[in-house]
Amino acid sequence: MTQKIFITGASGGLGAEFARAYAAPGKIIAITARRQSELDAVAATLDCETVTYAVDVTDHAGLKAAAADFIARYGAPDLVIANAGISAGTLTEFEEDLPAFERIFRVNVVGLFATFTPFVRAMQGKGGTLVGVASVAGIRGIPGSGGYCASKAAVISYLESLRGEMKPLGIDVVTILPGYIRTPLTEKNPYMMPFIMDAPDAARRIRRAIDRKASYAVVPWQMSVVAKLLRLIPNWLFDLAAAQKQRKPRAVEGQKM
């Protein structure tokens with residue numbers, strides 16, 4: 001049976017590696033991102049039927065149209081991976097950081113809802129899977145990364161809610177919390193990134209979690225230990241450690257959004 005997959009944020013980094021991890025003859029993969037030329041470059045590396053949609057996940061009408069086109073051509077997808085995400089440092093003391101904060105939430109949180117909702121009715125009763133890419137950054141807030149950490153915490157809670165909503169419809173929901181991955185999102189981080197993974201390796205590990213329909217998976221497993229410890233650390237100790245941590249560059253300092 002042909003597997004049909006729809007992936008957002010797939011012009012590079014982890015999203016492109018998801019497409020490569022799943023690509024095989026007989027599969028149908030749709031990849032979306034803002035830039036058509038980058039999508040074309042990724043599509044050329046995939047050994048399967050591929051369709052591209054140059055659309056931003058904040059363009060809800062455009063995303064809905066892409067989903068409708070995919071369903072009309074191929075039917076309901078078996079797997080939707082909402083991977084699109086952005087990151088930048090934000091500081092509340094600077095009013096000029098507000099647009100970056102808002103865009104992080106529009107892409108990272110609202111983008112998931114906009115990605116999933118056009119497919120739900122078509123997938124209902126067919127055993128499909130919705131995957132949301134959160135982050136271990138959503139476990140506790142790091143100074144200087146409030147927008148990103150808060151957005152990923154919201155993603156975790158949203159997907160937990162969605163899991164209960166989709167169960168009666170026969171649709172599985174998978175929450176993925178990657179640790180540090182070598183991508184353009186992390187290349188400017190000025191601090192140590194323990195257990196950092198290359199994107200192809202991360203995609204393969206995450207695929208295994210998706211294929212077994214894990215409801216919640218931290219990748220790599222070592223970061224699951226870190227995540228548990230972060231929950232247990234008392235506030236006074238966490239705040240002391242967090243205050244010493246170098247901060248992610250702010251968007252207004254040249255970080256690509």
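The values are calculated or read from the model by the stated rules, or taken from the named source; none is laboratory data. All values reported here derive from a predicted model rather than from experimental measurement. Neighbour counts are summed over all protein chains in view; Cβ atoms, including those assigned to glycine, are modelled from backbone coordinates with ideal geometry.
Details
- Restricting the stretch 144-184 to residues that are within 17 Å of the chain's Cα centre (by Cα) and among the β-branched types (Val, Ile, Thr), the residue that is surrounded by the fewest Cβ atoms within 10 Å (Cβ to Cβ): ILE156
- Boolean, GLY111 is within 20 Å of the chain's Cα centre (by Cα), modelled with pLDDT of 95 or more, crowded, with 18+ Cβ neighbours inside 10 Å and in a loop (DSSP other than H, G, I, E, B): no
- Matching entry among ALA217, ALA199 (being under 15 Å from the mean Cα position of the chain (by Cα), buried (at least 16 other Cβ atoms within 10 Å of the Cβ) and under 26 Å from GLY127 (Cβ atoms)): ALA217
- Total residues in the stretch 28-45 satisfying the condition of being over 19 Å from GLY111 (Cβ atoms) and surrounded by fewer than 18 Cβ atoms within 10 Å (Cβ to Cβ): the figure is 5.
- Evaluated against (1) free of Cβ contacts under 8 Å to residues at least 60 places away in the same chain; (2) assigned to a helix (DSSP H, G or I), ASP56 falls short on exactly one condition, (2).
- Counted as qualifying within the stretch 177-257 are the helices (runs of 4 or more DSSP H) with 2 or more residues that are modelled with pLDDT under 75 and of a type outside the set (Val, Ile, Thr), namely 235-244.
- Test for SER161: is it under 27 Å from LEU79 (Cβ atoms) and polar (S, T, N, Q): yes
- Within the stretch 121-143, considering residues that are surrounded by fewer than 19 Cβ atoms within 10 Å (Cβ to Cβ) and either of a type in the set (S, T, N, Q) or at positive phi (or both), the one modelled with the highest pLDDT: GLN124
- Some residue of the stretch 56-67 being among the β-branched types (Val, Ile, Thr), surrounded by fewer than 18 Cβ atoms within 10 Å (Cβ to Cβ) and touching a helix residue (DSSP H, G or I) at 6+ places or on another chain (Cβ under 7 Å): yes
- Single unsatisfied condition, TYR22 versus (1) touching a strand residue (DSSP E or B) at 6+ places or on another chain (Cβ under 9 Å); (2) crowded, with 17+ Cβ neighbours inside 10 Å; (3) closer than 30 Å to GLY144 by Cβ; (4) of a type outside the set (S, T, N, Q): (3)
- Scanning the stretch 1-19 for residues that are surrounded by fewer than 16 Cβ atoms within 10 Å (Cβ to Cβ) and in contact with a strand residue (DSSP E or B) (Cβ under 9 Å, 6 or more places away or on another chain) gives THR2, GLN3.
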